[in-house]
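Colleague: Quick one: the structure is below, questions incoming.
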Amino acid sequence: MPRYAELHCVTNFSFLRGGSHGEELVARAKALGLDALAVTDANTVAGVVRAHLAAKAQGLQFIPAARLDPRDAPSLLAYPTDRAAWGRLTRLLTLGQRRAGKGDCELYLDDIAAHPGGLIFIAVLDGRTIPPSGGQALARIRHALPGAPLHLAASHLYRSDDRARIAALAALARETGIPLVATGDVLYHAPERRPLQDVLTCIREGCTIHQAGLKLEANAERHLKDAAEMARLFEGHEEALERSIDIAGSCRFSLDELVYEYPDEPVPPGRTPQGQLEEITWQSASWRFPQGIPDHVAVTLRRELQLIADLDYAPYFLTVHDIVQFARSCGILCQGRGSAANSAVCYCLGITNVDPTEIDLLFERFVS
């Protein structure tokens with residue numbers, strides 16, 4: 001029984017190219033019995049969140065990835081295998097997008113070579129024919145990414161020369177030592193979505209449907225296919241199908257691993273943010289209550305500081321304290337508002353001016 005994971009698939013976040021939402025692709029992949037689905041939008045990971053949530057609900061392995069389009073080399077599909085690799089991929093995309101105007105990304109092979117750790121790559125030689133320089137381009141990529149897993153994509157275009165073209169890709173793979181892997185190069189989830197994808201192409205190219213001609217796809221085959229159909233298409237190249245499963249098995253990273261990380265807040269050497277906050281709070285409490293800290297205020301401060309420690313919120317309080325101190329040093333009016341008045345810590349730090357001895361505090365409301 002053949003198995004297959006679709007590793008080359010775009011969503012509508014590949015602007016004016018992808019004809020389906022991530023949720024639609026996931027639902028279709030699950031219905032077809034695919035082992036896994038990767039989203040490889042062009043120079044972005046914007047489409048992976050919705051697809052991830054849908055795949056989680058459907059019980060399908062989802063691989064967040066991206067297609068990188070360097071200016072000086074063939075495109076590379078990039079798949080992070082762990083959390084650190086995901087960070088490298090997103091930093092790489094940030095680098096390329098900051099160099100270019102809105103909606104564009106300026107990357108070069110050397111940029112990708114500087115961020116390779118933990119990433120699996122699939123090179124994509126686009127077009128009906130393999131360019132004469134294809135071997136040289138692959139050799140250059142291999143030289144730039146010496147330790148990274150690198151494969152060569154092969155996709156059926158449903159044209160008369162498909163078998164000859166895939167055989168030539170397989171020969172090129174053997175020549176360069178870069179294994180061939182089967183992909184669908186998917187633009188939409190099901191054949192009936194092709195008319196919409198044609199409209200997107202016309203918008204992108206600035207022409208009408210009657211003027212588009214060869215700018216449109218030749219057929220409605222750029223949709224997800226099941227393992228049996230992919231096995232039929234890649235008869236004689238079964239190992240290319242099997243490699244899709246191997247790659248999917250190596251991609252262990254999930255977006256569930258991502259959690260919010262507050263930016264580092266500078267503290268004196270050898271101190272923790274929590275320790276620094278507690279020291280500043282008690283010093284400031286002595287300033288607020290020069291005649292001595294009332295017992296019930298001290299109890300409240302200890303309780304609030306413990307909850308801040310439990311939630312790891314100390315860096316946030318230090319940031320706000322720094323902002324308030326800076327504003328007041330410049331003569332800028334600065335006043336905490338709303339539920340911040342429910343905090344004895346905020347009062348002692350000078351963020352608010354509501355005396356906690358005068359009201360009943362509900363610190364949990366502020367923290368929420």
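Colleague: Do any helices (runs of 4 or more DSSP H) lying entirely in the stretch 173-256 carry at least 1 residues that are touching a His at 6+ places or on another chain (Cβ under 6 Å), and which ones are they?
Modeller: It comes to 227-233.
Colleague: Sort through A42, A84 and tell me the only one that's open to solvent by 20 Å² or more (accessible area, probe 1.4 Å), farther than 21 Å from V181 by Cβ and among the hydrophobic types (A, V, I, L, M, F, W, C).
Modeller: Result of the check over A42, A84: A84.
Colleague: Mind listing whichever residues of the stretch 1-36 are within 17 Å of A228 (Cβ to Cβ) and in contact with a Phe, Trp or Tyr (Cβ under 8 Å, 6 or more places away or on another chain)?
Modeller: L34, D35, A36
Colleague: Another question, if that's okay. Of all residues in the stretch 45-73, count the ones that are of a type in the set (S, T, N, Q) and buried (at least 21 other Cβ atoms within 10 Å of the Cβ).
Modeller: Total satisfying the criteria: 0.
Colleague: Answer yes or no as to whether L196 is surrounded by fewer than 21 Cβ atoms within 10 Å (Cβ to Cβ) and of a type outside the set (F, W, Y).
Modeller: So L196 fits the description; yes.
Colleague: Restricting to the stretch 313-347, name every residue that is without any contact (Cβ under 8 Å) to a residue 24 or more places away in the chain and outside any helix (DSSP H, G or I).
Modeller: Correct list: C330, G331, I332, L333, C334, Q335, G336, R337.
Colleague: Let me ask something else. Show the residue pairs that are 6+ apart or on different chains and have beta-carbon atoms under 7 Å apart, the first residue being within the stretch 258-282 and more than 16 Å from C346 (Cβ to Cβ), the second being open to solvent by 80 Å² or more (accessible area, probe 1.4 Å) and outside any loop (DSSP other than H, G, I, E, B).
Modeller: Listed by first residue and then by second, the contacts come to Y262/Y316.
The values are calculated or read from the model by the stated rules, or taken from the named source; none is laboratory data. From a predicted model like this one, the values you see are computed outputs, not experimental measurements. No Cβ is skipped: glycine too gets one built from the backbone with ideal geometry, and neighbour counts run over all protein chains shown. In case anyone asks, the SASA skips ligands and DNA or RNA and just uses the protein heavy atoms, side chains included. Shrake-Rupley method; radii C 1.70, N 1.55, O 1.52, S 1.80 Å.
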